[in-house]
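Note sheet for the following structure.
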Amino acid sequence: MNISGSHLICASENYTINYLPDFSNIDWSNGPFLTESSLPGSNPASFFTTGNGGSWISATITIENGQCQLSPITLPNYNVWSGVPQVQVTGPSEGCFGNEYTFYADYSPYSNPTSLEWSISPEYYCNTIYGYDLWANAHFDCSYEELYQVRCTPQNACGIGNMANTYIYIYDCGYGYSLSPNPASTEVTIKITRTNNSLNLVVENIMFDITIYDSYGVKYFQGKYSGDRFTIPVYNLKDGNYILKIDNGKSMTYKQLVIRH
């Protein structure tokens, strides 16, 4: 004996026990996101969806023939998916300007996504993503230090599922910037290194344009510095969170600066 029927339930589906012996009594059972809608002991039996997710259908068979009753037989779970699909997006968590990275949509068995829509947020014209069904290549050509969402929206025969996402932090791998102390009260030192094959090298004679502004875009400081380490005054800033922009002439990096007196 075995159960047959669709592995995907959008609204309601029928399930049949094949090779059922005579004089059999059937007690159907099911997992989450499903409810039996047929009369008890029916074959086939109907189940309708009550939510989205993985589930199962099973049955216990009792055979009675006169005074003879055999021990109950419980059939193996018949795995199904109820409703619209769900996916999980996986991929790298950090990367560099100008590079391409691959992301994957892992889907639950039997949810059978027929299409997936890929996107990047925030959306900038210089970044692109190309989807190839269950995977996508994202190109981060913008020279903005940013935490991006890579998003995927799946669809199957039942409809459109919820968007899934993962995060990737994109930054200028050519230069590394560190602020110390942070939080700061009177001054903050910016240390700059040039990275090449994971080896820190001395920064060339490059001019760095430093700007500090708040979340409303009000500018509080601007100055030009060179070298691999320099200190700027912040004693006149009020307590709070600020944005420190570093412009090396080729790319801009944004750091959070916390002032605490």
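The values are calculated or read from the model by the stated rules, or taken from the named source; none is laboratory data. Note that the structure is predicted; figures quoted are calculated from it, not measured. Note that we place each Cβ from the backbone using ideal geometry, even for glycine, and neighbour counts take in every protein chain shown.
Details
- If you go through the stretch 68-86 and keep only what is part of a loop (DSSP other than H, G, I, E, B), at negative phi and surrounded by 13 or more Cβ atoms within 10 Å (Cβ to Cβ), you end up with Leu70, Leu75, Asn77, Val84, Pro85, Gln86.
- Where strands (runs of 3 or more DSSP E) sit wholly within the stretch 132-197, those with at least 3 residues that are closer than 30 Å to Gln88 by Cα and not aliphatic (A, V, I, L, M) occupy 135-140, 146-156, 164-171.
- Every residue from the stretch 28-62 that is over 13 Å from Asn2 (Cα atoms), within 42 Å of the chain's Cα centre (by Cα) and among the β-branched types (Val, Ile, Thr): Thr35, Thr49, Thr50
- The set of residues from the stretch 87-118 being part of a loop (DSSP other than H, G, I, E, B) and either small (Gly, Ala, Ser) or out of contact with any Ser or Thr (no Cβ under 6 Å at 6 or more places or on another chain) (or both) comprises Gly91, Pro92, Ser93, Gly98, Ser108, Pro109, Tyr110, Ser111, Asn112, Pro113, Thr114.
- Of all residues in the stretch 1-28, those that are at pLDDT 95 or above and either small (Gly, Ala, Ser) or part of a loop (DSSP other than H, G, I, E, B) (or both) total 7.
- Flag if Pro92 is within 30 Å of Phe140 (Cβ to Cβ) and modelled with pLDDT of 95 or more: no
- Any chance Asn65 is more than 22 Å from the chain's Cα centre (by Cα), at pLDDT 95 or above, surrounded by fewer than 17 Cβ atoms within 10 Å (Cβ to Cβ) and not hydroxyl-bearing (Ser, Thr, Tyr): no
- Considering only residues in the stretch 220-261 that are of a type in the set (A, V, I, L, M) and over 23 Å from Ser143 (Cβ atoms), the one that is nearest to the chain's Cα centre (by Cα) turns out to be Val258.
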